[in-house]
Amino acid sequence: MSTPAVTENWRGVATEDTEQLSAGAGIFLRARSRRLLGELLAPHHAALWWLLLTITVQNIAWLAGPFLIGLGIDVAVPALMRGDAGPLVWITAAMLGAAALDTVLRYVFLTWSGRVGQAVLLTLRRRVFQHVQRLPLAFHERYTSGKTISRLTSDVEALAELLDEGLDNLVSAVFSVLTIGVVLLVLDPPLGLIALLGFPALLWVARWFQRHSTAAYRRTRESVAALIVQFTETFGGIRAVQAFRREPRNDELHAVLNEDNRRAHDRAFWLIAVFVPAVTLIGNLVTVAVLGVGALRVLDGGLAVGTLVSFLLYLRRFYDPLQEVAMFYSSYQSATAALEKLSGVLEEEPTVAEPTAPVALPEPRGELAYDGVRFGYTDRTVLPGLDLRIPAGQTVALVGATGAGKSTLARLTARFYDPTAGEIRLDGVPLDRLTDADLRHAMVMVTQESFLFSGTIADNISFGRPGASRDEIEGAARAIGAHPFIEALPEGYDTDVRRRGGRLSAGQRQLVSFARAFLADPAVLILDEATSSLDVPSERLVQRALRTLLADRTALIIAHRLSTVEFADRVLVMEDGRIVEDGSPEDLVGGTGRFAGLHRAWADSLV
C-alpha cells in the first residue's frame, strides 16, 4: 500500500464526521457548537454577570491612566511651576488608587472566571463520558476508541484554553476598543476621526482571517484526532504489532500523520503570522498620522500637549487589544472545531432507548420468546425472521459456522441491539419495555475476552454487584472454583490484576468473570464463546465452573468447541440466520444432520 493511500485511510478514520463540509453543514455545526456552549454556561449566568461587572470596573480603572497623565501635563506641571503642588498630589493619588483597584479587580476576575471555566469543563467531561458510556455497541463499533479519547482529551483541552485565557482577553479587548473609541472622539473629535480611518482596513483583514482560519483550525483538530487514533490502536494491539514486526510500517504511518499535523498547524500559525503584523502595521500608520496632525495643531496652539499625549496613549491601547482579539479568535476557532466534534458525539441518539412506559420485572424467571425477529447490521440481513421459545431454566447451545447468526442472536437477546422487525420477550415482557436496570439485573453476558479492569480481584468480582460484601465475593469464587488460585496469589483477593487482567492466565481471567456473573445471579446467562480461547487444562477447569454457573438459570451458549455442548439441554444449529436443527445433544449426535457431522469432525480432531 502506498503512503498516499495510507494517508487517506487514516484521514477517513479521523475526519469522517466533518470532512468536506458544505457551507450549510458548516453553519449548522457552528450553531450546534454555540448551542452546546450556551447549555454549559446556562447554570453560571449569575456568576457571568458579576464577572462582567468586575471586568467593566477594572477596565475603567485601567483606562484612567492616560487621562490622568495628560491632566498631569496640562494642569499639574503648570501648577507646580507656580508653586502649587496640590494638583500633582491628587492626580498622583488618583493614579495610585486606579492602579490598586485595577490590580484587585483583575485578581478577582481571574479567580472567578477560572472557577467558572473549570466548572464548565467538569460538566462537559462528565456529560460526554456518561453519554458515550450509554451509547449502544453500534456506535462503539463505528467510532474508534482513539476518536473517543481525542474527544475527551485534546478537544476538551482546546475549550479549556478558550475559557482559561481567551474569554478574559476578549472581554478586556472588546471593552477597551469600544470605550477608547468613544474616549478618542470625545477627547478630540478631529483626531478621533483620523484614528477611526483605519477601521475599514482592520475589518477587511479580520474578515480574511476569519474566512481562512475556520477551515485551518478544523483541520488541526482532525489531524490531532488522527494521531491519537493511530497511537491508541498501535499500543492497544502492541502484541500483534511486535509479533508481526509491524513497527517499521507503523513508523511510516505515524510519520505521515505527524507531517499532516505539522502542515495543519503551520497553516494556522501562518494565518496568525499574517494577521497580527497586519493589525500592528495599520495601528502604526494611524499613530503616525495622528502624531503628525496633532503636532501641527500643538504648534498652532489648537491642541494641548497633554491632550496629545493622552490621545497617543489611548490610541496605543486602542490597537493593542485588537491583537488580543486575534489571539482570542485563534483559540475560539480551535475551540469551535473541538465543540463541533463534542456536540456531534452528544447528539448521537441511542439506538437502544429506555422505554417511556417501562414494565417492572421484579422476579425474573428467564423464559425467552422470539417472534419473527429480523435484523441486519447494514443492508445485509443476518436474521431473516426467527421464531423460537426457550423455557425458563433451559440451557441452549447455539452451533453453526461463522456468520450463521449466533452472536447476533446473543447480542439481540442482551439488547445491545433492537430487532428491525419482530419482538423478543423475557417472561412475556418485550425487552424494549424493560428498564436498562431491570434487564441488566435479569441478564448477564460473558464473552471470550473475559475483560478485567485495573484493580483488585475482589473489585472485578463485585463488578456484577457493587454492594457485595467480602464474604459474598469469596463465596462466589468458591462456588465457581476460583478460590484456590486466588488465595495462592501474593495478596489474595486484594491482588491487582493490572491492565486487562494481564497478571492472570486466560483460564484464571475466565474463572474471575464467571465468579462475577455468579455473584450477579442473573435469570438469563449468555456465554459468547466463553471457552474458545482456552487450552485443554484451562478449559476443563472452566467447564467444571460452568456446571455450577449454569445451574437453575436459563443459558444461551455460543460454542465453537463442541465439548461445551455437553452441558446443554438443547442444541440449535444455525445456518444463514435460520435454525436448521433443534434437539437434545444425544438425539442430534445420533442422527444424520449437520450437528452429527460437526460432532464427528470434532471427535476425529481429538484422535
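The values are calculated or read from the model by the stated rules, or taken from the named source; none is laboratory data. Note that the structure is predicted; figures quoted are calculated from it, not measured. As a convention, Cβ positions derive from the backbone with ideal geometry for all residues, glycine included, and neighbour counts pool all protein chains shown. Surface accessibility is based on the protein's heavy atoms, side chains included, excluding ligands, DNA and RNA. Shrake-Rupley method; radii C 1.70, N 1.55, O 1.52, S 1.80 Å.
With θ set to phi - 60° and the Karplus curve 6.51 cos²θ - 1.76 cosθ + 1.60, what are the ³J(HN,Hα) couplings of region 445-458 in order, to the nearest whole Hz, using x for Gly and Pro?
10, 10, 9, 5, 5, 6, 5, 10, 8, 4, x, 7, 5, 4
Please state the relative contact order of region 61-151 as a whole percent: Cα pairs under 8 Å, 6+ residues apart?
It comes to 25 percent, rounded to a whole number.
What are the residues whose amide H is under 5 Å from the amide H of ARG570, where those residues sit 5 or more places off or on another chain and H is modelled from the backbone?
Amide H neighbours of ARG570: THR395, ALA397.
What accessible surface, in Å², does a 1.4 Å probe find on TRP62, ignoring ligands, DNA and RNA and rounding to the nearest 10?
It works out to around 80 Å².
By average Cβ neighbour count within 10 Å, what is the ranking of 580-592, 423-435 from highest down?
Working: 580-592: 14.9, 423-435: 18.2.
The densest-packed peptide leads the list: 423-435, 580-592.
Taking Cα pairs under 8 Å and at least six residues apart, what relative contact order does the chain come out at, in percent?
It rounds to 14 percent for the chain.
Which of the DSSP-defined H helices in the chain satisfy a minimum axial length of 24 Å, computed from C-alpha atoms, and a minimum mean Kyte-Doolittle hydropathy of -1.0?
Those that clear 24 Å and a mean of -1.0 are 23-41, 45-71, 86-134, 167-187, 199-236, 247-300, 305-346.
Return the sequence-ordered ³J(HN,Hα) values of region 565-576 in whole Hz as given by the Karplus equation 6.51 cos²θ - 1.76 cosθ + 1.60 applied to θ = phi - 60°, using x for Gly and Pro.
Ordered by residue, 3J(HN,Hα) equals 5, 4, 7, 7, 7, 8, 10, 10, 9, 10, 8, 6 Hz.
Write down the Kirkwood hydrodynamic radius of region 363-439, to one decimal in angstroms, obtained as one divided by the mean of 1/r over all alpha carbon pairs. Write down the numbers at each step before the final one.
Working: mean 1/r = 0.0771 Å⁻¹.
In region 363-439 this quantity evaluates to 13.0 Å.
Given the protein chains as shown and a 1.4 Å probe, how many square angstrom of TYR417 are accessible, to the nearest 10?
Probe radius 1.4 Å; accessible area of TYR417 about 20 Å².
By accessible area of protein heavy atoms, probe 1.4 Å, what ranking do PHE485, PHE514 get, highest first? Present the calculation step by step, with values, prior to reporting the outcome.
Numbers: PHE485 35, PHE514 0 Å².
Ranking PHE485, PHE514 by accessible area, largest first, yields PHE485, PHE514.
Using a 1.4 Å probe and counting only protein heavy atoms, arrange ARG594, ARG151, ARG245 so the residue with the most accessible area comes first.
On the way: ARG594 115, ARG151 5, ARG245 170 Å².
Highest to lowest solvent-accessible surface, that is ARG245, ARG594, ARG151.
What is the ratio of the Cα radius of gyration of the chain to 2.2 N^0.38 Å, with N the residue count, to two decimals?
Expressed relative to 2.2 N^0.38 Å, the Cα Rg reads 1.39.
Have a look at region 352-480 and give its Rg and Dmax from the Cα atoms, expressed in angstrom.
16.7, 50
5 Å is the cut-off here: which amide hydrogens, built 1.01 Å from N in the peptide plane, fall below it relative to GLN448, excluding neighbours closer than 5 in sequence?
It is ASP528, by chain and number.
Can you sort LEU281, LEU388 by 1.4 Å-probe accessible area, starting with the largest?
LEU281, LEU388
Using modelled backbone amide H atoms (1.01 Å from N, in-plane), which distant-in-sequence or interchain residues come within less than 5 Å of THR495's amide H?
When sequence neighbours closer than 5 places are left aside, the close amide H contacts are ILE457, ALA458.
Note the full-extension length gain between ALA215 and LEU388 as 0.36 nm times their separation in residues minus their Cα-Cα distance, in nm to one decimal.
Contour length minus Cα-Cα distance gives 56.9 nm.
Placing +1 on the Cβ of each Lys and Arg and -1 on the Cβ of each Asp and Glu in the chain, which of THR287, ALA482, VAL565 has its Cα farthest towards the positive end of the resulting dipole?
THR287
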